[in-house]
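The structure under discussion appears below in the form of structure tokens.
No value in this document is a laboratory result; all are computed from the given coordinates. Here the structure is a predicted model, which means the values were calculated and not measured. Cβ atoms come from the backbone with ideal geometry, glycine included; neighbour counts cover every protein chain shown.
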Amino acid sequence: MEGAASEGMAPPAKAGRAGVPLDGGRPRSPPCGAETPSQARALPTGHCLRRGAPHIPAMIRLLPFLLLLLYGLAAWHFSAWRTRRELDARSTPLRDPRLTPALDRLAAALEVPSIPVHVYETPAVNGLAAPDGRVFLTRGFLDKLDLGQITPDEIASVVAHELGHVGLGHSRRRMIDFTGQNALRLILAGVLGRLLPLGIGAWIAGLLASALAARLSRADEEEADAWASALLVRAGIGTEPQKSLFRKLDRLTGAGGRGGPAWAMSHPATEARIAAIEAREARWRGASPG
């Protein structure tokens, strides 16, 4: 009957201008390889996505890793910002005539007008190179100088070491290392957490990431030691103040020894640092003419 659709018959295609069907009169094919509309409705959700864009799932699988890298990068920048703010709030430029001659010799060896150094107001005995390239000595170091426990040349060896970190680009390297370590820690925690119970996986992941961070830190310290030795020799100060300060460090810092297994230490052992300096000196003597 006109106007009535037979049972099982599809409705006519919608017409456009001059009675031309909007689909061009072409037969409709069910989506994603289904043979009938009923089969298409029975396809699982996401079937068309997997067939039509096979690269999308691969990108989705990479997304957590990329997010971890971004998280690590953001964490490093936040840490650097917080460190810079702390240093700015608690430091002043170093003005000590006792140290001027030694610092001037370092500057002359580097062929720069001067070496700006700042004093960080903390009783700890330490030196540091900030992410922005500034060099700091702690008030604790200068207190030891006041007490006669260390010499100006030994202070200069600390400055030379921190300049080594700056000159070798260790801040940029540590940014990359820090980002990778955080990503590695979270990935390992996720993988091992599926295999081991009660947080053991996360603990092992943290231990492995910390061991890697310590190893990379020791490598940076060894490189900065070598850079400082070369600068001290070029400046005419020599490496004796560097070695003598290392012999005093455990007592000055109150470390009283290594304080843990070698693989977990952020700095090489004192004996190893002194031995490395002496090995370099022997190589330099062998390479010198005459």
Order by protection proxy (mean Cβ within 10 Å, highest first), peptides 153-165, 181-193: 153-165, 181-193
Tell me the volume per residue, in Å³, of the convex hull enclosing the alpha carbons of region 113-161. 79 Å³
Any idea what log10 I(q)/I(0) is at q = 0.10, 0.11, 0.14, 0.15 Å⁻¹ for region 146-279, Debye with uniform C-alpha scatterers and no solvent? -0.43, -0.51, -0.73, -0.80
Considering only the other residues whose Cβ falls under 15 Å of the Cβ of Pro113, what net charge follows from Lys and Arg at +1 and Asp and Glu at -1? -1
Under the Kirkwood approximation applied to all pairs of distinct alpha-carbon atoms, what is the hydrodynamic radius of region 125-222 in Å? 15.8 Å
With no solvent and one point on each alpha carbon, what is the Debye value of log10 I(q)/I(0) for region 60-287 at q = 0.07, 0.12, 0.13 Å⁻¹? -0.27, -0.75, -0.86
Diffusion coefficient, µm² s⁻¹, Stokes-Einstein with Kirkwood Rh over alpha-carbon pairs of region 70-203 at 25 °C and 0.890 mPa s: 144 µm²/s
Give the percent of DSSP beta bridges with both residues in region 60-287 that are antiparallel, rounded to the nearest 5. 60 percent
